[in-house]
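Every read-out reported here was derived from the displayed coordinates using simple, explicitly stated rules and does not represent laboratory data. Just so it is clear, the structure is predicted and the values come from calculations on it, not from any experiment. Here Cβ is always computed from backbone atoms with ideal geometry, including for glycine, and neighbour counts include all displayed protein chains.
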Amino acid sequence: MTELNLISKDFQGATVRAVNHPEHGELLMALDTLRAAGYDPKNNGSLPALNSLKVPTETRVHVPKSNLLVEQGSPFPNRGALFLTRAGVNFVLMASDKPKAQEFRQWLAGDVVNAIADTGGYLLNEAARDTAKADTRTSVPLPTEIAGTYAALIAEKKARIAGALFLLGD
C-alpha cells in the first residue's frame, strides 16, 4: 500500500481525520467518527464501540502506521488506525442512539428515503427537487448488447418450440 496523507475534515460539526485510499476512496477515522456521533471511546479505541454497534467488518479498513503520513508527530499506536468507508460511517450514524446522530437519521429516513420513493432519486439541490418527477416507465430499457442477446435467445426458444410442435404434428 502507498503512503496516505492524513487530512482533517469537518463532519457533524467536529474535526475528523481522513485519508483518500486508492481502493476504498475517502475513509474517515473510526475513532473521530464515533466521537462526532456522540460516543466517548476513551482509551479502549474504536473497536469495542464498532462491535457493539454491529458495524460490518467489510466497512472497516485498517491502515498500518507505516502508511500514514502525518505532519507533526504520530498520534497513533504501533498498530496504525482504523478507518471507515462511507457505508461504515452511515452505519455508525444509523445505529447510534446518541443525540448527535438523531439529526442525520431524521434527514436520511425522512428526506432522502421519501425522495427516492417519490422520484427515484435524491437531489441535494433544492431547486431541482421541485421539478423532479418519478420515472413512469413500466420497464427498464436494456443496453443494446444485452437487448440483442436477449432477442436472439427469445428467437431461438420460439424456433425450438415451433420445431417441437411440428414434430408433434400440431
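Quick notes
- Summing charges over all other residues whose Cβ lies under 14 Å from the Cβ of Pro99, with Lys and Arg as +1 and Asp and Glu as -1, gives +1.
- Proximal charge balance of Leu84 [Cβ under 13 Å; K/R count +1, D/E count -1]: +2
- Once the Cβ-Cβ distance of Asn114 and Asn43 is raised to the sixth power relative to R0 = 45 Å, the FRET efficiency obtained is 0.65.
- Within the straight-line cut-off of under 22 Å between alpha carbons, the lysines reachable from Lys98 are Lys9, Lys42, Lys54, sequence neighbours fewer than 8 places apart in one chain being disregarded.
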